[in-house]
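Structure, as structure tokens:
The values are calculated or read from the model by the stated rules, or taken from the named source; none is laboratory data. Values in this document were obtained by computation on a predicted structure and should not be read as measured data. Don't worry about glycine lacking a Cβ; one is built from the backbone with ideal geometry, like all the others, and counts go over all protein chains shown.
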Amino acid sequence: MNQQSPAAVPETAAAQDARHESARANGIHIAGLTKTYIGDEGRKVALHDVDIDIAEGDVYGVIGLSGAGKSTLVRCINGLESYDKGSVTVRGHEVGDLSKKQLRDLRRGIGMIFQSFNLMPSRTAAGNVELALLDSDLTAAQRATRVSRLLDLVGLKDKADSYPSELSGGQKQRVAIARALANNPKVLLSDEATSALDPSTTKSILKLLRRLHDDLGLTIVIITHQMSVIKQICNRVAVIDHGTITEEGRTFDVFANPRTPLTQAFVATTSSLGKIDDLIADKSPLIALHPGQVLLRMRYISQEVSEALVSHISRTFGIDANIIVGDIDVIDDAPLGGLVVILDGAADRIEAAIDYLRNRNIGIEVLTA
């Protein structure tokens, strides 16, 4: 008789609640956070009544336009900025209540990487990583061993003796990541860390962060203005606009059903489905319809859908479906995106196919008919 492995036993509701409670207790909790600056132009509200709940183990994205308050938010998390009211609790510690020594201790458990890398040009890659260890209790030999392991972890063991001027942008960021991990942090803050990198290098850095998250059990907060970054790595996302959180939720849900105009604009930057609007406006012959044809935009809006829907409706309802534009991605192991198709067939058959798709939680928009 085959024995069932412990991993196959369903988790009880009590165990699930306990795990979630532990994740919350060791996460980052922000409530009613408000931060203002007084400058030459008077009082400016950088953050207004911000509420964010980041569980331990999340890869949490915060996206907004320049000046929206993203960097101020991340600086409040690690105590580099004070705040006017509200609370910021990191792994059970209220940041605003900590003494200078307690704050230094907390920061040792928080790694941070930046857009500009912040490397010392006069020090080698190994020397830059070692900087984070100079106030530790490690001996010189122990520091050297730790630095070597960290550079190996980020794929740069052979660049230990190279100076920043000899490294590519992606390699510089890998050195910065190794330095951020020097004190074995539980939280990693990434403030626009891929903004200065090309798309291919960005992808490799995000892949590295995902691997480090999985291997080291990190909680990662990604600050960015690029929705493509959120799409590739984050399991949850908050949209910030003029210091206010306007939308928050699971990444799939936010991409599938963006509610605010800003979020819709961000999502549009990662999809080619909007091209159809230009084709319609330009009266492109590509979408010129014959009598009885319907131009349809289909969007995946539920993680429960994974069937080959186009071929299914063609077979089941006896209609032809000509794909004009397609953009399908995978988030949380579910398809996200959609298709623009021209349906051709009897009117009642097309209507039945559309009803079927809607009943399968497919977002349907009839563009022209």
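Could you please let me know if Ile354 is assigned to a helix (DSSP H, G or I), touching a residue at least 40 places away in the same chain (Cβ under 8 Å), more than 20 Å from Phe266 (Cα to Cα) and not assigned by TED's automatic domain parsing to the domain that holds Gly249? Spelling it out, Ile354 is indeed assigned to a helix (DSSP H, G or I), touching a residue at least 40 places away in the same chain (Cβ under 8 Å), more than 20 Å from Phe266 (Cα to Cα) and not assigned by TED's automatic domain parsing to the domain that holds Gly249. Can you confirm whether Glu130 is surrounded by 12 or more Cβ atoms within 10 Å (Cβ to Cβ), within 24 Å of Tyr37 (Cβ to Cβ) and not basic (Lys, Arg)? No, not satisfied. Pairs linking a residue in region 36-63 that is free of Cβ contacts under 8 Å to residues at least 24 places away in the same chain to a residue that is polar (S, T, N, Q) and outside any strand (DSSP E or B), with Cβ atoms under 9 Å and 6 or more positions apart or on different chains, are Tyr37/Thr72. The numbered conditions (1) within 16 Å of Ile364 (Cα to Cα); (2) of a type outside the set (S, T, N, Q); (3) over 36 Å from the mean Cα position of the chain (by Cα) are all true for Val310 except (3).
Of the numbered criteria (1) farther than 14 Å from Met227 by Cα; (2) assigned to a strand (DSSP E or B); (3) in contact with a Leu (Cβ under 9 Å, 6 or more places away or on another chain), the one Pro335 fails is (3).
Got at least one residue in region 245-259 being under 12 Å from the mean Cα position of the chain (by Cα), within 23 Å of Glu56 (Cβ to Cβ), among the aromatic types (Phe, Trp, Tyr) and buried (at least 21 other Cβ atoms within 10 Å of the Cβ)? There is at least one residue in region 245-259 that is under 12 Å from the mean Cα position of the chain (by Cα), within 23 Å of Glu56 (Cβ to Cβ), among the aromatic types (Phe, Trp, Tyr) and buried (at least 21 other Cβ atoms within 10 Å of the Cβ).
Residue count for region 102-121 satisfying the condition of being among the polar types (S, T, N, Q), more than 16 Å from Ala176 (Cβ to Cβ) and assigned to a loop (DSSP other than H, G, I, E, B): 0. Exactly one residue out of Arg146, Arg174 is assigned by TED's automatic domain parsing to the domain that holds Cys76, within 28 Å of the chain's Cα centre (by Cα) and either surrounded by fewer than 21 Cβ atoms within 10 Å (Cβ to Cβ) or not in a loop (DSSP other than H, G, I, E, B) (or both), and it is Arg174. When Asn128 is tested against (1) under 18 Å from Ser190 (Cβ atoms); (2) in a loop (DSSP other than H, G, I, E, B), just one condition goes unmet, and that condition is (2).
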